[in-house]
Amino acid sequence: MNNLPKVTKNLLIINIIVFFATVVANRWNLDLNELLGLHYFQSSHFKLHQLFTYMFMHSNFEHIFFNMFAVWMFGRILEQVWGSSRFLFYYVVCGVGAGLVQELTQFVAFMPYMKEIHALQAMDPTQLVTINGAVKAASEWLPLFNAYIGAPTVGASGAVYGILLAFGMLFPNQQLYIIPFPFPIKAKWLIIAYFVIELGLAFLAKGDHVAHFAHLGGMIFGLLLILYWRKHNRSNGYYQR
């Protein structure tokens, strides 16, 4: 740990501390993911700071383990190449960008149902309502909509996918061994595969409680930032510290 660059080390420490704080808080019936996770902007639970805090929250051990493993494995290399300030800026931009894309995705997903939600709120709770072929009382529909809209987004995955993209752009021909494949894969092909897989899952794996569009958002914001740095730092590319 002492050999890690300072930003990478502090990101690991902060995320791990917050995760264990979340576990402890749950025992006292305090849901930190609910407070600091990213809520849909039209929800009464939404706060602007959640665009930053959500990326330090994780839902379970597997979630934080794989995210922090990627930060350790690839983030430290980017920090050594870019320097601490630039790497931290990149990480935050990718994380916030992923959150913004998630908000936009939810807005598009929820818009067709907003009329129904407002109508349900004005109805007699016992009145039967048909939505997408299902018949329920108005009082039964509202909690379903509220739960869907109110579920927060958590995790550093958007920033992590931005890190993966940057590594693939800086070291496109670096050979990587990825479980379960017994052969090395060049970083550029791996990143392309990740993007294609996430894009497919975003449209096909609805209801899996994974923010696939947020992952894509982290990669897109990372790509835009790197291209901007390349354009405005032609003499030394994006290796400036």
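Could you work out the pair-distance distribution P(r) of region 39-97 from its alpha-carbon pairs, with 5 angstrom bin width and percents rounded to whole numbers?
Percent of pairs per bin, in order: 4, 16, 20, 23, 17, 12, 6, 2, 0.
Mind checking the alpha-carbon convex hull of region 1-107 and giving the volume per residue in Å³?
Values: hull volume 11.2 nm³, N = 107.
Considering the Cα atoms of region 1-107, their hull volume per residue is 105 Å³.
Could you derive backbone 3J(HN,Hα) for region 186-198 from the dihedral phi with the Karplus parameters 6.51, -1.76 and 1.60 (θ = phi - 60°), listing whole Hz in sequence and x where the residue is Gly or Pro?
Coupling constants for region 186-198: 5, 4, 5, 6, 5, 5, 4, 5, 4, 5, 5, 4, 5 Hz.
Please list 97-105, 219-227, 195-203 highest first by mean number of surrounding beta-carbon atoms within 10 Å per residue.
Packing order, densest peptide first, comes out as 97-105, 219-227, 195-203.
Every number here is computed from the coordinates shown, using simple stated rules; none is lab data. Bear in mind the structure is a predicted one, so any value in this text is a computation, not a measurement. We place every Cβ from the backbone using ideal geometry, glycine too, and count neighbours over all the protein chains shown.
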